[in-house]
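The values are calculated or read from the model by the stated rules, or taken from the named source; none is laboratory data. What you see is a predicted model; the values in this text were computed from it and never measured. Every residue, glycine as well, gets a Cβ built from its backbone with ideal geometry; the counts of neighbours run over all protein chains shown.
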Amino acid sequence: MKTDNFGRLSKTRPEIAAIVALNLNQEDVSLSSHYTASGRKVVLVVGCAVAGSEAVAQFAQQGILTIAIEQNARPYGKIEDGLPRWHVKQRRQEYDKINAKLDHPNVRFVPLTKLSRDISLEEIVGWKLNAACLAVGAWRDRPLPVPGIDAYVGRGFYYQNPFVYWFNHYEDSDYNGPKYEAPDGTIVVGGGLASLDVVKILQLETVGRALKARGLPGEMLELEQKGIKRPLDALGLTMADLGVKGCILYYRRRVEDMPLAEPPDNPTSEQMAKVGMVRRKLLQNFLDKYLFTFHERHVPVGFIAEGDRLVGLKFAETEVKDGKAVIKPGTEKEVRAPLVISSVGSIPEPIQGIEMKGELYRIKDEETGEVEGLSGVFALGNAVTGKGNILLSMKHGRLVAQHVLKYLAGQPELQLSQIAAIEAKVKALQERVGYSGNYREWIAKVEAPV
Ligand SMILES: Cc1cc2nc3c(=O)[nH]c(=O)nc-3n(C[C@H](O)[C@H](O)[C@H](O)COP(=O)(O)OP(=O)(O)OC[C@H]3O[C@@H](n4cnc5c(N)ncnc54)[C@H](O)[C@@H]3O)c2cc1C
């Protein structure tokens, strides 16, 4: 036994595995239950956004009692806090889909409850459930590999995830989180789709601000839809007229390598060349529309600090050899900026009891989501790959849930007394956060204020 972050006794991984696999073999008590379609099985899903809610729906429809634990009041995950808020219609549609999946009589939703903080994995597996699914997404920013830079987080240096969270929420009437800035001339280090959203946020904020300061229309949604160039052209203005330089995106490889379009499986060199051209075109369109600056083949190798603040980065040029960015010696230069935002990817947060393989959970097989060494524990959605999109997360949630359903078929049924004990534990968790058991009533109460 070890102790966890909170000083509680925690079991080792083999002990946890043994608990999950073990189902008590007591006599049934004569409780009536409607969890009969697939036998009396109970499954836990942690994280209730795209991937989690899809798995919940798959289980609940099969008559399985499904406990759905979510750290936030609202279960929308990256749809609410990642996907930028200009996707108004898409966000609403995805919220509705998630709500429809979680609002099922076989689902026990437990909001405002974080695995590893409010309850440990070890505690939950001790409930003798049939399986546990982790659909916790990827909420940790991959660290920017510049030694010492993290000391400046919040002082001239931000990571992408909290910055986008701020952008999505700062206009909420009840927002009281940290205030982020979006100054002109910010450096963004990245190259993936999310980093282009960060660039867009910065451009919309700086140009919108400059237009409004002149009493001109600078509404975020309009600028996002039309791009920055068209509205400025219509006003007969340039970025220079507004006194705005725009932000600068640095990417370590070539434009053709940017993950903006995916090649088919096992691509030929011709297909790769085509994908490269598509990527170049996509980026050019984006540059033309949002008027920022872009530098390919640059990697940060150090930072510049003044007092307690980061005031820029040291970049080196690279050349791409076998797909890798190799630093060209003697090319180092300093670039000053009021802010640097790192957008180099998101990775899952560690969970006590789950072994990591590098930045990701140690998974036996991506298709089944089976967590290595923990029988009955599965991972799905962004939590497995650390990247992806809405459709991929939903499909992966379904794929893993279908595998879990097969796994459950070989599992012994729980005794009704065991199910009653689990229900009591879940009820206590719900009561702790003031959740009455009525999903729609809860969602109406916690719906995002605007
Ligand atoms: C800036 C940005 C732009 C994007 N744009 C697009 C786009 O245009 N199109 C597209 O298809 N995709 C886009 N994506 C990606 C897409 O939003 C995600 O791939 C998808 O929503 C992930 O779904 P998920 O269910 O796997 O993970 P998440 O949405 O991250 O869900 C994980 C859930 O688990 C909960 N959770 C986490 N840890 C715990 C814990 N310990 N205990 C309890 N609950 C926990 C979280 O609160 C969350 O609700 C974008 C992402 C970002 C960041």
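Here are a few things to note about the model shown:
- Checklist (1) of a type outside the set (Ser, Thr, Tyr); (2) within 15 Å of the chain's Cα centre (by Cα); (3) at positive phi applied to Lys128, failing item: (2)
- All of Val146, Val164 fail the test of being part of a helix (DSSP H, G or I), closer than 23 Å to Glu349 by Cβ and not assigned by TED's automatic domain parsing to the domain that holds His87, apart from Val164.
- Within region 52-81, residues that are under 12 Å from Val110 (Cβ atoms) and more than 6 Å from the ligand (Cβ to nearest atom) reach partners that are aliphatic (A, V, I, L, M) and in a loop (DSSP other than H, G, I, E, B) with beta carbons closer than 8 Å, at six or more positions or on different chains, in the pairs Ile67/Leu129; Ala73/Leu112.
- Qualifying residue in region 337-344 (condition: more than 20 Å from the chain's Cα centre (by Cα), in contact (Cβ under 8 Å) with a residue 24 or more places away in the chain and surrounded by fewer than 19 Cβ atoms within 10 Å (Cβ to Cβ)): yes
- In region 94-122, the residues that are within 28 Å of Gln225 (Cβ to Cβ) and within 12 Å of the ligand (Cβ to nearest atom): Glu94, Tyr95, Lys97, Ile98
- All told, Arg85 falls short of being within 30 Å of Arg252 (Cβ to Cβ), within 17 Å of the chain's Cα centre (by Cα), surrounded by fewer than 20 Cβ atoms within 10 Å (Cβ to Cβ) and touching a residue at least 24 places away in the same chain (Cβ under 8 Å).
For (1) touching a residue at least 24 places away in the same chain (Cβ under 8 Å); (2) away from the ligand (no atom under 14 Å from the Cβ); (3) in contact with a helix residue (DSSP H, G or I) (Cβ under 6 Å, 6 or more places away or on another chain); (4) of a type in the set (Gly, Ala, Ser), each residue gets a yes or a no:
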residue: Val371; (1), (2), (3), (4): yes, yes, no, no
residue: Gly376; (1), (2), (3), (4): yes, yes, yes, yes
residue: Ala379; (1), (2), (3), (4): yes, no, no, yes
residue: Leu399; (1), (2), (3), (4): yes, no, no, no
residue: His403; (1), (2), (3), (4): yes, yes, no, no
residue: Ala424; (1), (2), (3), (4): no, yes, no, yes
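- So Glu171, is it out of contact with any strand residue (DSSP E or B) (no Cβ under 6 Å at 6 or more places or on another chain) and farther than 18 Å from Ala337 by Cβ: yes
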